[in-house]
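Participant: Got a structure for you, questions after.
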Amino acid sequence: MEIDRAIRGSEDRRLKAKYDNAIYVIQRAFALYEFEEVAFSFNGGKDSTVLLHLLRAGYFLHLKKKSAASKGNLSNDELKCPMRTIYFESSSAFPEINSFTYETAASYDLQLEIIRLDFKSGLEALLREKPFKAIFLGTRYGDPNAVGQEQFSPSSPGWPPFMRVNPILDWSYRDVWAFLLACKVKYCSLYDQGYTSIGSIHDTVPNALLCEGDSSYSGEHFRPAYLLTDGRLERAGRAKRYCPPASGGLPAMSNGLESHKKSTRTASIIIVSDEILFGIVEDHLGPSMRRKLHSIGWTLSHITMVQSEIDSVADEVERLKSSCDTVFVFGGYGPLHSDVSVAAVAKAFGVRLAPDEELEEYLRQRRGDHDNGGQNKMAWLPEGITELLLHENLPVPLIKCQNVLIFSATNTTELDLQWDCLIHLSCSGGLIVSMTPFLSRLLSTHLLDVEIAQPLSKLCLEFPDINIGCYRKARTGPLVVSFVGKDQVRVELAVQALCQKFDSGVFTEMKENEETLDFLIREVEDTGNTKF
């Protein structure tokens, strides 16, 4: 009862409401299934620690209700909540997680069943040996596997049949820590060392947003997890860090293609604007974004204009999100009737829109006295796949839904600000990885197209890692041949190879300007193809 008393004595009305709802779900599960038919998946993390104590409280309240109906007394053994507890032990788990799990199991007399297989295989083996009908999970909406789940959700097709019971599905990061601190229960020591979301030892580091002083990953330099002000960034320490390839030229005998692919990321841009399509305004976001992506070594595979209509935007997002590393969506983000981008992204991923209390409060604080209720629409986000990218310089956060980023920018000034904030956030969260930058050479010649066509075609086969393009500012003007690549040695070799096919003095070196840079970027958008 210490859990129930702690929450009842709290002045946090939101926490009380979350607690009451979670207890209702737990008691409902105990009413639907026999106690022997349910199990609890415990992994030593903060969410499952919250669920453990909710189950203790919910089980006691359930027995208390049954006891009152039968006018009997509860035994000490009944009060221990001897629920079957499953722990999937992994060789890549933090030692602190393992020790905390075993200590917790001993403290609360949990019937710990240790499984050393993956989750699906382990459940299949467990169900064959000791069948159960439902399993309590500490899943929350922000988790990657929470998409489409309800508080009671049957297991997915292809999995063993059981009911997933999610009492804390609608809890936020703030709610989790409010509960743990209010109840004064023990949690894994890693959370006091700056870890905010714990995966394996291979992909988890302390959250840089909690760093004190330098950015080293020593525990004493990080504040506790409960001091993270923005719960939407709890997974900032879960991104795998990218290690760029060693610098230096490739051997002349290599065609450079494999290295080129490894050092390149692709992006697509979707611009949602009826005004651009109707010719009322010109598109300046596309060219500006092309230059920004080019500056960090990314290629642009698609850029498309879409009308402000949910199905049209959703179709484009669905088509592009699986074909490139990141999809950038501009426009259609706000409280107006034409702002459909967020809803369209939700549809593209097959999830529903759900209200986000933290975002609503964030927008309310940012808008202050200008709040007229219109921003409430902006606080509805794609369920289970959304991460808010907040920065002190941003009046409205960027929205990240897996590999789709939604910007509110409608002009280049706003884009510059939002891009700078995104790059700043990427320094700690690995959102946008800077790749090897592009290098270019431009040659001008008065050769006719028919004279240079065949040599250039052969050159493309010799240098598949170099984008070789051609253009004329005027039909009677000189032909400009461009060489764009990431390895300076390979670019120089391609230039030399072309020059050697013709007499000396046929080609003249040109300098880049903004106009030629735009052209080169457009050339790179079709990687591997030569344009004539």
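The values are calculated or read from the model by the stated rules, or taken from the named source; none is laboratory data. It should be emphasised that the depicted structure is a prediction, and the values quoted were computed from it without experimental measurement. FYI the Cβ positions are ideal-geometry reconstructions off the backbone, even for glycines, and counts take in every protein chain you see. When the accessible area is computed, the model is the full protein with side chains, heavy atoms only, and any ligands, DNA or RNA have been set aside. Shrake-Rupley method; radii C 1.70, N 1.55, O 1.52, S 1.80 Å.
Participant: How far is it, in nm, from the label point at C499 to the one at L127 when both lie 7 Å from their Cα along the line to the Cβ?
Facilitator: Between C499 and L127, the simple spin-label model gives 6.9 nm.
Participant: How much length is gained on full extension from R364 to R14, taking 0.36 nm per residue of separation minus their Cα-Cα distance?
Facilitator: In short, 124.3 nm is gained.
Participant: Run the numbers for A453 and M1: contour at 0.36 nm per residue of separation, minus the present Cα-Cα distance, in nm. Each step should come with its number before you reach the end.
Facilitator: Numbers: separation 452, 0.36 × 452 = 162.72 nm, distance 8.31 nm.
Net length gain for the segment: 154.4 nm.
Participant: Using a 1.4 angstrom probe on heavy atoms only, work out the carbon and sulfur share of the accessible area of the range 123-185 in %. Each step should come with its number before you reach the end.
Facilitator: Values: 1510 of 2660 Å².
Ligands and nucleic acids excluded, carbon and sulfur give 57 percent.
Participant: Per residue, how much accessible surface does the range 411-512 expose to a 1.4 Å probe? Answer in Å², no decimals. Walk me through the numbers on the way to the answer.
Facilitator: Numbers: 5100 Å² over 102 residues.
On a per-residue basis, 50 Å².
Participant: Starting from 0.36 nm per residue, how many nanometres of slack lie between Q402 and L417 once their C-alpha separation is accounted for? Write out the running numbers ahead of the final one.
Facilitator: On the way: separation 15, 0.36 × 15 = 5.40 nm, distance 2.21 nm.
In short, 3.2 nm is gained.
Participant: Any idea of the accessible area per residue across the range 1-47, 1.4 Å probe, to the nearest Å²? Mind showing how you got there, number by number?
Facilitator: Numbers: 2310 Å² over 47 residues.
For the range 1-47, the solvent-accessible area averages 49 Å² per residue.
Participant: Beyond a 25 Å Cα-Cα separation, which of these cross-linked pairs lie in this structure: K486/K511; K16/K66; K292/K458; K65/K186; K65/K120; K133/K184?
Facilitator: Details: K486/K511 18 Å; K16/K66 23 Å; K292/K458 32 Å; K65/K186 28 Å; K65/K120 35 Å; K133/K184 32 Å.
Too far apart for the 25 Å limit: K292/K458; K65/K186; K65/K120; K133/K184.
Participant: Tell me which residues come under 5 Å, amide H to amide H, from V329 once H is placed; ignore anything under 5 positions away on its chain.
Facilitator: Correct list: I270, L405, I406, F407.
Participant: May I pose another question? What FRET efficiency do you get for S155 and C211 if R0 is 41 Å and r is their Cβ-Cβ distance, rounded to the nearest 0.05? Before the final figure, lay out each step's value.
Facilitator: Details: r = 40 Å, r/R0 = 0.97.
Calculated value: 0.55.
Participant: Calculate the FRET efficiency for R223 and A474 from the Cβ-Cβ distance with a Förster distance of 51 Å, rounded to the nearest 0.05.
Facilitator: 0.25
Participant: What number comes out for accessible area per residue over the range 260-349 if the probe is 1.4 Å? Units Å², please. Intermediate results must be reported in sequence, preceding the final value.
Facilitator: On the way: 3680 Å² over 90 residues.
With all protein chains present, the range 260-349 gives 41 Å² per residue.
Participant: On the accessible surface of the range 317-359, probed at 1.4 Å, how many percent belong to carbon and sulfur atoms?
Facilitator: Numbers: 870 of 1710 Å².
It is 51 percent, rounded to a whole number.
Participant: Set the Förster radius R0 to 51 Å, insert the Cβ-Cβ distance between D203 and E509 as r into 1/(1 + (r/R0)^6), and round the FRET efficiency to 0.05. Could you put the intermediate results ahead of the total?
Facilitator: Numbers: r = 46 Å, r/R0 = 0.91.
So, using R0 = 51 Å, E works out to roughly 0.65.
Participant: Given a 1.4 Å probe and every protein chain left where it sits, what share in percent of the accessible area of the range 383-436 is carbon and sulfur?
Facilitator: The value for the range 383-436 is 50 percent carbon and sulfur by accessible area.
Participant: How would you order 379-392, 51-64, 467-480, 496-509 from highest to lowest mean count of nearby Cβ atoms within 10 Å? The partial results should precede the final answer.
Facilitator: Working: 379-392: 20.2, 51-64: 21.7, 467-480: 15.1, 496-509: 12.8.
Taking the mean over residues of other Cβ atoms within 10 Å, the ranking is 51-64, 379-392, 467-480, 496-509.
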